[in-house]
Amino acid sequence: MSEKEPKVWLRRAESNLRLARRKGRGIFLEDLCFQAQQAAEKALKALMIHLGSEYPKVHSLGLLLEKLEPHVPVPDTIKEAVELSDYAIQTRYPGDYSPVTTAEYERSVELATRVVKWVKSQVKE
């Protein structure tokens, strides 16, 4: 399997999304939000590959979305996923930040799910 195949990236995104949904005892919500961010990031990179565009090696969903705009109209509901970018760096390791709330966690999973579904619909076309 090639790293230049969108479906490979989408399978990895779906795996991250499944991990993000594994809320349970002893699992930090920050770690689950990181998985949600990774799901959205890998899905967006899958779409970039599908469209024949190079993807930057960054965790910034805002930058990925910006790079997609010339190739495909990105709905505002997908652009909201930029909220997930903080989970790629800031909460990934122990640090000086407020713990992720259940509402924030649920929002992160909802946003990641939305992005993965949207990308899957774009790749099928």
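Just so it is clear, none of the values below were taken in a lab; they were calculated from the coordinates. Keep in mind it's a predicted model, so treat the numbers as computed, not measured. Glycine gets a Cβ as well: all are built from the backbone with ideal geometry, and neighbour counts include every protein chain shown.
Assorted remarks:
- For region 6-124, the relative contact order comes to 37 percent (Cα pairs under 8 Å, sequence separation of at least 6).
- Top of G95, G52, G26 by mean-square fluctuation, Gaussian network on the chain, Cα under 10 Å: G26
- q = 0.12, 0.14, 0.15, 0.17 Å⁻¹, the chain: log10 I(q)/I(0) [Debye, one scatterer per Cα]: -0.40, -0.55, -0.62, -0.79
- Take the Cα of K57, go 7 Å toward its beta carbon, and the backbone nitrogen atoms of region 9-23 under 20 Å from that spot belong to 9-10, 12-13.
- Cut-off of 10 Å, at most 16 other beta carbons, DSSP loop: longest stretch of the chain lacking such chymotrypsin sites (Phe, Trp or Tyr not before Pro): 29-96
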